[in-house]
Amino acid sequence: MKVYALFCFVISASAVVCLEVKPEIKQLWDAAVEPFRDECTKSSGAQKAVVDDFFDHLNLIDDYPLKCVIKCVLDQLHIFDTSSKFNAVAMKDMMDEESFKVSQECDKKVTDSDKCVMAFEFVKCGLEGVAKFQ
């Protein structure tokens, strides 16, 4: 039996959605973002505790500086292409097949023109989608 890590998403001040995400997915995410975590936190002006809570526990709160940290990380990973859409080639190289399919669906759903909000919504959609495969 596979062991899953349980992560909670804070979607708003009053709503919490708990998701199960495979530990392997969390480990891949951690390894990919670690080189950019501190730099992106500093450049966004986000509170370290909020950023740590997101990266360590996948708690997403509606905090604009956190959204910009996520955008910065996605930029560093080349997940945004030059047209501010998601780069399918870069994503496919970083993900398993299930996660890649989820990311393609999320790319279609995320339409905000603000890149920080777009990055946040993309990651939120992706984590919710991946959790459904558990």
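No value in this document is a laboratory result; all are computed from the given coordinates. The model shown is predicted, which means the values in this text are computed figures rather than measured ones. Glycine also receives a Cβ, built like all others from the backbone with ideal geometry; neighbour counts cover every protein chain displayed.
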Review point. For Lys22, Lys101, what's the fewest-to-most ordering of other Cβ within 10 Å of each Cβ?
Key: Lys101, Lys22
Revision key, fill the gap. Most exposed to least, judged by fewest other Cβ atoms within 10 Å, Thr41, Thr111 sort to Thr111, Thr41
Point to revise | Fewest-first sequence of Ile79, Ile70 by Cβ atoms within 10 Å of each Cβ | key: Ile79, Ile70
Revision key, fill the gap. Given 10 °C, 1.306 mPa s and a Kirkwood radius over Cα pairs, the Stokes-Einstein diffusion coefficient of segment 23-131 in µm²/s is 115
